[in-house]
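Report on the following structure.
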Amino acid sequence: MPPSNIVDGPKVATWNCPSCRDAVPRLLPNGQFNRVRLHQADMVLPENEIEAAAMGIPGPRANEVCYACAQAYRELLGTLIRPPGEEGDARGAAGLNDTGIVGALLPIAGRGTRVLIFHVVGGVLANTEIEELRQLNADRLTYPGTRGAIAPRLWALYEAHLVELHASSPPGESDPRP
């Protein structure tokens, strides 16, 4: 007869990811740890205005997140984004220089991930929105083929990030950075 303290089989050891704030398994199915160390390049686009805005966000930064969040960071950082009030298909309108970019993803210990969104305002790259990752509307994410005009400064930042992304290791392979 099994011990009375075992109800539904063995318990899986978990930890709370500071990004998604979920209790996630400590180990992945392949036996590796479900913790990914984040580097500055994983969280912040290398642009002075973006780095300065990220430094201004209060709270202690987490330096490790679960594997799923690390993959989400890789996909979201540098993604083009529509303004919050824009609905429907962007191709149906002329499209102004209103497309933004996800410039930083900051895991704040105990408070989840803050997504910093930047737009070009008066020719200057400015942090116009801060969203919690859990509340970010995925319908706002976009790509160049669906947008009208994109500010040249934002377009250059987007292209530079794509070059860096393609030069780095593919998802699932070991990170070449120390």
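Counting charges near Leu125 (Lys, Arg +1; Asp, Glu -1) among other residues having Cβ under 9 Å from its Cβ returns a value of -1.
For Thr14, the amide hydrogen comes within under 5 Å of the amide hydrogens of Arg26, counting only partners 5 or more places away or on other chains and with H modelled in the peptide plane.
None of the figures in this text is laboratory data; all of them are computed from the coordinates on show. Just so we're clear, the structure is a prediction, and the values are computed from it rather than from any experiment. Note that each Cβ is placed from the backbone with ideal geometry, even for glycine, and that neighbours are counted across all protein chains shown.
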